[in-house]
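Structure first, commentary second.
Bear in mind that the values in this text are calculations on the coordinates, not laboratory data. Note that the structure is predicted; figures quoted are calculated from it, not measured. Positions of Cβ are generated from backbone atoms using ideal geometry, with glycine treated the same way; all protein chains shown enter the neighbour counts.
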Amino acid sequence: MKLVTAIIQPHRLDTVREALTALGINGMTVTEVRGYGRQKGHTEIYRGAEYTISFTPKLKVEVALGDDRVDEVIGAITQAARTGKIGDGKIFVVDLAAALRVRTGETGDDAL
Amino acid sequence: MIDAAISAADTAWILTATALVLLMTLPALALFYGGLVQAKNILSVLAQCFAVACVCSVLWFAFGYSLAFSGDGAWLGDAGAFLLQNLTRDGVHSGTQLPESVFVMFQMTFAVITPALIVGAYVERIRFAAVLLISGLWMLIVYAPVVHWVWGGGWLAQMGVMDFAGGIVVHVTAGVSALVIAWMLAPRQEFPHGIRPPHAPWMVMVGASLLWVGWFGFNGGSALTAGGDAGMAILATHLAAATATIVWMAIEWIKFGKPSLVGAVTGTIAGLATITPAAGVAGPLGAVVLGAAASCLCYFAVWMVKKVISVDDALDVLGVHGVGGALGTLALPFIVMIGIGGGKLNHAPLEQFGVQAIGVVAVALFSALATWIITKLADMLVGLRVDAEHETQGLDFASHGETGYHTNR
């Protein structure tokens with residue numbers, strides 16, 4: 001099992017969700033996060049004074065899935081999240097040691 | 001003072017205006033300031049404005065009203081109305097057709113908002129006890145005497161100074177004192193480069209809108225009668241606010257390519273502060289001219305305080321209120337002189353300007369000195385600043401044990 005973590009532009013969430021739903025992925029966790037990469041931050045101006053916003057708001061989408069589905073899911077997220085501009089985000093994949101459904105106690109692939 | 005007759009119309013209007021002016025502090029000013037600070041300090045600002053309103057109300061009843069409006073001394077009122085001891089149900093305030101109780105209450109709302117304006121200077125770093133002590137002392141030692149000088153028959157009134165609703169009395173006193181306290185308190189830790197932007201610009205807009213409406217009571221009520229003076233004052237007030245808003249937006253649009261909401265409503269308040277002393281003499285066209293001048297000058301003043309003298313007057317009390325109030329006070333003779341005012345001056349325009357200038361300068365100097373002493377005293381008695389750790393944590397939890405926003409719960 002793998003855990004796919006995608007950091008995306010907030011306004012791409014609906015597109016990403018639709019793309020994953022179309023692939024039959026049945027769940028995800030979304031968190032509001034702040035951070036920076038090559039995009040760096042931006043500045044805002046209030047009453048003539050500049051304020052530096054170092055950390056840009058992003059969404060973190062986490063999806064747990066079986067090893068065989070990783071490539072198509074990464075492909076779908078990449079396509080759905082991309083605008084072509086700097087700041088589109090990143091995708092990370094890590095091995096998932098275990099999974100368990102709290103209600104039934106099912107484990108492994110059955111819990112996903 | 002039970003010889004004159006009470007006018008029901010005047011009384012009804014001033015009762016209404018009283019409610020409008022209290023609305024300017026609770027919640028208008030609190031929201032205006034609250035939206036400008038960081039999320040971790042929102043409740044502390046609301047608590048400061050709320051508590052200042054209560055402390056200054058009780059002190060106005062006990063001593064303030066008497067020091068401002070009792071007796072005919074040149075420098076200070078007397079103790080004749082301490083604890084409002086001689087206030088009767090059918091007493092009439094001299095020179096008006098208002099019950100004394102209504103006049104006391106109307107003026108109390110001014111004594112509440114003026115110290116509350118200063119809150120903007122010291123947010124995000126001051127001890128709550130220092131807020132209460134400084135505000136209470138300041139209302140009695142700075143505000144009440146200046147009210148007596150200008151509106152209570154004191155030396156500036158005798159010279160013929162013109163301050164319709166408080167350009168000198170409210171905005172110059174609060175603006176200058178704000179700068180002194182901000183300077184003595186030293187800047188916030190992150191000043192100037194790491195300061196965080198306003199956490200809720202929408203709240204700033206709601207506060208400014210309520211202030212705008214409340215200002216109709218502030219300026220219109222200062223006519224102390226329900227006639228054409230009040231009507232013209234409200235018309236002038238509205239036009240000045242609208243014009244100043246447009247001009248501030250235009251400045252930002254030209255300079256930065258985008259007109260911001262926070263900037264627009266800052267312009268509104270600058271325009272309102274500027275028309276305040278002149279609302280009795282400026283006609284509609286005079287108000288538009290004053291409103292435009294207000295945003296040009298206050299925009300520059302805000303920049304000056306931050307960048308040139310580098311004092312952390314956090315929410316620009318001097319730049320917006322102090323400078324606006326002084327501008328309106330000094331400009332009003334010229335508004336009449338060039339024929340765009342509807343009211344009459346006490347003196348010829350240039351002579352009137354001299355009197356206005358003496359009023360602004362004398363009150364500014366007195367406010368600065370007295371505020372310095374009060375703040376020193378507060379520093380010795382309770383301390384001015386919260387610990388650095390508490391400043392980082394935010395005053396909501398550090399000073400009040402509460403949190404403004406419980407999200408994701």
Greater than 26 Å apart at Cα, pairs in B:K40/B:K255; A:K2/A:K60; B:K306/B:K344; B:K40/B:K258: B:K40/B:K255; B:K306/B:K344; B:K40/B:K258
task: For region B:67-110, run through the chymotrypsin sites (Phe, Trp or Tyr not before Pro) and keep only the ones in DSSP coil with at most 15 other Cβ atoms within 10 Å of their Cβ.
output: B:W75
field: Separation in nanometres of the label points that stand 7 Å from Cα toward Cβ, at B:K258 and A:A22
entry: 3.2
statement: Averaged over residues of B:193-199, the number of beta carbons from other chains lying within 10 Å of each residue's Cβ is 4
- request: Could you tell me what % of all Cα pairs in the protein assembly as shown have separations over 46 Å?
  value: 25
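Which of the peptides B:25-31, A:15-21 is most tightly packed, and how do the rest follow, going by the mean number of other Cβ atoms within 10 Å of each residue? Could the numbers behind the result be given before it?
Numbers: B:25-31: 23.4, A:15-21: 17.3.
Going from most to least packed, we get B:25-31, A:15-21.
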query: What's the exposure ranking of B:I168, A:I77, going from fewest to most Cβ atoms within 10 Å?
result: A:I77, B:I168
- prompt: Hey, could you pull the Cα Rg and Dmax for region B:284-390, both in Å?
  reply: 18.0, 57
message: Can you give the longest run of chain B that contains no GluC sites (Glu not before Pro) sitting in a DSSP loop with at most 15 other Cβ atoms inside 10 Å?
response: B:191-401
Spin-label proximity, A:T52 to region B:1-45 - amide N less than 20 Å from point 7 Å beyond Cα toward beta carbon: B:38
- request: Rank-order B:45-57, A:79-91 by packing density, defined as the average count of other C-beta atoms within 10 Å over each peptide's residues, highest first.
  value: B:45-57, A:79-91
query: Under unit Cβ charges (Lys, Arg +1; Asp, Glu -1), what dipole magnitude, rounded to 20 debye, does the protein assembly as shown have relative to its Cα centre?
result: 900
task: Give me the lysines in straight-line cross-link reach of A:K58: C-alpha distance below 17 Å, same-chain residues under 8 apart excluded.
output: A:K40, A:K85, A:K90
message: To make sure I understand, if each residue's beta carbon is the centre and we count other beta carbons within 10 Å, what order do B:D379, B:D316 fall in, fewest to most?
response: B:D379, B:D316
- prompt: What is the Cα convex hull volume of region B:10-129 when expressed per residue in Å³?
  reply: 112
Under-5 Å amide H pairs with B:G342, H placed in peptide plane, nonlocal only: B:A282, B:G283
query: Rounded to the nearest 0.05, what FRET efficiency do A:D95 and B:F397 have when you use their Cβ-Cβ distance and R0 = 35 Å?
result: 0.30
field: In region A:12-92, the chymotrypsin sites (Phe, Trp or Tyr not before Pro) that fall in loop regions by DSSP, at most 13 other Cβ within 10 Å
entry: A:F55
- prompt: Using a basic spin-label model with each label point 7 Å from the Cα along Cα→Cβ, how many nm lie between B:I373 and B:A51?
  reply: 2.5
- line: Over all Cα pairs of region B:204-286, the Kirkwood radius sets Rh, and Rg/Rh then becomes 1.04
message: Please list log₁₀ I(q)/I(0) at q = 0.11, 0.12, 0.15, 0.16 Å⁻¹ for chain A, using the Debye equation with identical point scatterers on the alpha-carbon positions.
response: -0.43, -0.49, -0.70, -0.77
- request: Would you kindly work out the equivalent ellipsoid of chain B from its C-alpha gyration tensor and give its semi-axes, the square roots of five times the eigenvalues, largest first in whole Å?
  value: 32, 25, 19
Total formal charge among the other residues, if their Cβ is under 11 angstrom from that of B:A130, Lys/Arg +1 and Asp/Glu -1: +2
statement: Taking a ≥ b ≥ c as the square roots of the Cα gyration tensor eigenvalues, with a/c under 1.5 meaning rounded and otherwise prolate when a/b beats b/c or oblate if not, region B:115-231 comes out oblate
- prompt: Label-point separation (nm) for A:V33 and B:A5, each offset 7 Å from Cα along Cα-to-Cβ?
  reply: 7.8
- prompt: Given R₀ = 35 Å, FRET efficiency for B:A250-A:H11 by Cβ-Cβ distance, to 0.05?
  reply: 0.70
- prompt: Could you work out Rg/(2.2 N^0.38 Å) for region B:68-132, with Rg from alpha carbons only?
  reply: 1.48
query: Once the Cα atoms of region B:205-350 are picked out, what are the Rg and Dmax in Å?
result: 14.9, 45
- request: Just name one of B:V288, B:A241, B:L261: the one whose Cα is farthest towards the positive end of the charge dipole of chain B (beta-carbon charges, Lys/Arg +1, Asp/Glu -1).
  value: B:L261
Charge dipole (debye, nearest 20) of region B:74-172; +1 at Cβ of Lys and Arg, -1 at Cβ of Asp and Glu: 260
Number of partner chain Cβ atoms within 10 Å, mean per residue of A:43-56: 6
field: Estimated D of region B:143-193 in µm² per second, where Rh is the Kirkwood radius over Cα pairs and Stokes-Einstein applies at 4 °C, 1.567 mPa s
entry: 104
